């Protein structure tokens, strides 16, 4: 039997790397362990030479889809210790904090299915996520990327979430933003005087109704806020321009789906690939000649900045509102990102209605 130590650096935390290694070790009949530290992921392998070579080959060729391996250091150890199982060990900590954390990732299809499945305990939960999607960089306070080092530390997992969190075969194993309606953060709707009007799914339904009536709402995304209104309503789009003192600079538009984007624009295959990628970026595409969007969204140009719903909250909002929405940054010029509701009300109280 042989013993090898492997050090992996790159984007390897918060992307399901440890459960991937765990299941890969089981597949190749390998014992040992895997853990995180401030530099990346460490793996110890104890098995036959052939099993270890097969493991390393697959690790290099088919890593988790959200990971990015920058380097793999492989070292054979002269060890007589016998390992009888493979385990995921607790993260190591020291003062050399140099690992890279994944950027926030748009909601995956599995989580979309979860929020739309009435038999699932995460049905309608607007902050659903898993190892393959959701917030990363925007919630971390320090490395290694463990729950106690994120803004989720104050939310104690309920039994159902904890069971998933501790199961290496589950796609939510050590998903640090993991939560549900019972144990996680809640969505609330407030008016511009900071009075709470509703919460949870009711708040999303009410928000859809307000946008439909021509109101301007600040909605939290992954990180900062967007100023949102009905992109087909000339009056409210012009009102937003007036309130934000933005006479002609184009607004970005969020659509329910790629299908809805195609109803309003002419896009190439490459543009479609970008629009549906895991980052869900804003992509500049060609407008259709005749379109129902307000001419004030992007005046005097033939291009439109489009992106699709990228959080569960947005997907739930589009369940109750059919039109595309203006979704322009709420950040003020040359100022840090606005993260909190009270900041929105303080700095943009004259812009937003809710």
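Some points to look at:
- Residue within the range 86-96 that is under 17 Å from the mean Cα position of the chain (by Cα) and exposed (fewer than 15 other Cβ atoms within 10 Å of the Cβ) present: no
- Matching residues in the range 90-105 - criterion: being modelled with pLDDT of 90 or more and part of a loop (DSSP other than H, G, I, E, B): 104
- Looking only at residues in the range 197-211 that are out of contact with any strand residue (DSSP E or B) (no Cβ under 7 Å at 6 or more places or on another chain) and touching a residue at least 24 places away in the same chain (Cβ under 8 Å), the one that is surrounded by the most Cβ atoms within 10 Å (Cβ to Cβ) is 204.
- The single residue among 114, 124 that is modelled with pLDDT of 95 or more and not in a helix (DSSP H, G or I) turns out to be 124.
- Selection status of residue 100, farther than 18 Å from residue 178 by Cα, touching a residue at least 60 places away in the same chain (Cβ under 8 Å), surrounded by 15 or more Cβ atoms within 10 Å (Cβ to Cβ) and under 22 Å from the mean Cα position of the chain (by Cα): yes
- Extreme residue, farthest from residue 104 (Cα to Cα), among residues of the range 151-190 that are in contact with a strand residue (DSSP E or B) (Cβ under 7 Å, 6 or more places away or on another chain) and loosely packed, with under 14 Cβ neighbours inside 10 Å: 188
- Any pair with Cβ under 7 angstrom, 6 or more apart, that starts in the range 19-39 at a residue that is over 20 Å from residue 62 (Cα atoms) and ends at one that is modelled with pLDDT of 90 or more and part of a helix (DSSP H, G or I): 32/25
- If the condition is being more than 26 Å from residue 100 (Cα to Cα) and in contact (Cβ under 8 Å) with a residue 60 or more places away in the chain, then the range 122-165 contributes 124, 125, 126.
- Only one entry of 313, 293, 332, 304 meets the criterion of being assigned by TED's automatic domain parsing to the domain that holds residue 223 and assigned to a helix (DSSP H, G or I), and that entry is 313.
- One residue stands out among those in the range 27-42 that are out of contact with any helix residue (DSSP H, G or I) (no Cβ under 6 Å at 6 or more places or on another chain) and assigned to a strand (DSSP E or B): the one that is surrounded by the fewest Cβ atoms within 10 Å (Cβ to Cβ), which is 35.
- Considering residues of the range 1-26 that are buried (at least 20 other Cβ atoms within 10 Å of the Cβ) and in a loop (DSSP other than H, G, I, E, B) only, the residue modelled with the lowest pLDDT: 14
The values are calculated or read from the model by the stated rules, or taken from the named source; none is laboratory data. As the structure is a computational prediction, the values presented were derived from the model and not from experiment. Using ideal geometry, Cβ is built from the backbone for each residue, glycine included, and neighbour counts are taken over all protein chains shown.
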